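Participant: So that we are looking at the same thing, I have put the structure below in structure tokens.
The values are calculated or read from the model by the stated rules, or taken from the named source; none is laboratory data. Bear in mind that the values here come from a model prediction, so they are computed numbers and not experimental data. A quick note on method: Cβ atoms are made from the backbone with ideal geometry, for glycine too, and the neighbour counts reach across all protein chains shown. The protein model used for the area step is the full one, side chains on, heavy atoms only, and it has no ligands, DNA or RNA in it. Shrake-Rupley method; radii C 1.70, N 1.55, O 1.52, S 1.80 Å.
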Amino acid sequence: MSTNSIAFANGKGGVGKTSVAANVAGIAALSGWRVLAVDLDPQGNLGNDLGYEQRGLSDDGAGLMAAIRDGLPLNLLREVRPSLDVARGGEQLDGLLEILAPRLVDDSQPITAIAEVLAPVAGDYDLVVLDCPPVGGGVLEAILTASRFLVIPTKRDLGSLRGLVRVARSFARVRMGD
């Protein structure tokens, strides 16, 4: 877990996770912080919000997936904006659950795959922002294990509130292991 990381998660899609994550990352960078934004969503919408998708700079999550799956160094898109680097997401992350599945066998051990990928670079940043997909289970727990703080964007609907409860329970379970 990085002491300077914050995850934006909810088990429901369409609640503003990516928009809030992009804005927090952008404002922190504009304030002079070195920021790493990590797009863990197969939809890869962070690229649209930060503008690098429109410039043809997305790798559809291939670099992030290779780092998680194969232990390669994290391939970052540098200076998307001044002081803001990005680990790009996208369709290549659709297979993330299959990569993590063998690590899900022992419920007593945290799933550290994402934390391990971020560990070599996290210290270079004042803030690491994790934009999460609307999932639960092992993928969410791996992301939450890599995060120190959590923001759960919600809307005023039952599905959004259920997603909040699910994510909060997962975060509490992950933190109990600290």
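Participant: Report the chymotrypsin sites (Phe, Trp or Tyr not before Pro) located in the range 1-82 that are in a DSSP loop and have at most 15 other Cβ atoms inside 10 Å of their Cβ, or state none. The partial results should precede the final answer.
Facilitator: Values: sites: F8, W33, Y52; in loops: W33, Y52.
Answer by residue number: W33.
Participant: Counting C-alpha atoms alone, how compact is the chain: give Rg to one decimal and Dmax as a whole number, in angstrom.
Facilitator: Reported Rg and Dmax, both Å: 14.9, 43.
Participant: Sticking with this structure for a sec: With every protein chain present, what is the per residue accessible area of the chain (1.4 Å probe, Å²)? Working shown, then result.
Facilitator: On the way: 8470 Å² over 178 residues.
It amounts to 48 Å² per residue over the chain.
Participant: For the residue pair R148 and R81, what label-to-label distance in nm results when each label sits 7 Å from Cα along the Cα-to-beta-carbon direction?
Facilitator: Each label point is offset 7 Å from its Cα along the Cβ direction, giving 2.2 nm.
Participant: Next question. Charges at C-beta only: +1 for Lys and Arg, -1 for Asp and Glu. How large is the resulting dipole of the chain about its Cα centre, in Debye rounded to 20?
Facilitator: Numbers: 17 positive and 21 negative charges, 144 e Å.
For this selection, approximately 700 debye.
Participant: Here's another thing I want to ask about it. Over the chain, with every protein chain in place, what whole percent of the accessible area is carbon and sulfur at 1.4 Å, could you tell me?
Facilitator: Numbers: 4490 of 8470 Å².
That fraction is 53 percent.
Participant: Please give the length that would be gained between L72 and T3 if that part of the chain were fully extended, namely 0.36 nm times their separation in residues minus their C-alpha to C-alpha distance (nm, one decimal).
Facilitator: Values: separation 69, 0.36 × 69 = 24.84 nm, distance 2.26 nm.
Length difference between fully extended and current span is 22.6 nm.
Participant: I've got another one for you. If only Cα atoms are counted, what is the Rg of the range 14-60, and what is its Dmax, in Å?
Facilitator: 10.8, 30
Participant: Still on this model: Roughly speaking, what is the stretch gain from E116 to Q54, that is 0.36 nm per residue apart minus the C-alpha to C-alpha distance, in nm to one decimal? Please list the in-between numbers first.
Facilitator: Details: separation 62, 0.36 × 62 = 22.32 nm, distance 3.00 nm.
Going from the current span to full extension adds 19.3 nm.
Participant: Okay, helix-only estimate at 222 nm for the chain: each DSSP H run of n ≥ 4 adds -39500 (n - 2.57), divide by all residues, round to 500 deg cm²/dmol; what do you get?
Facilitator: Values: 7 runs with 71 residues, N = 178.
Dividing the helical sum by the residues of the chain leaves -12000 deg cm²/dmol.
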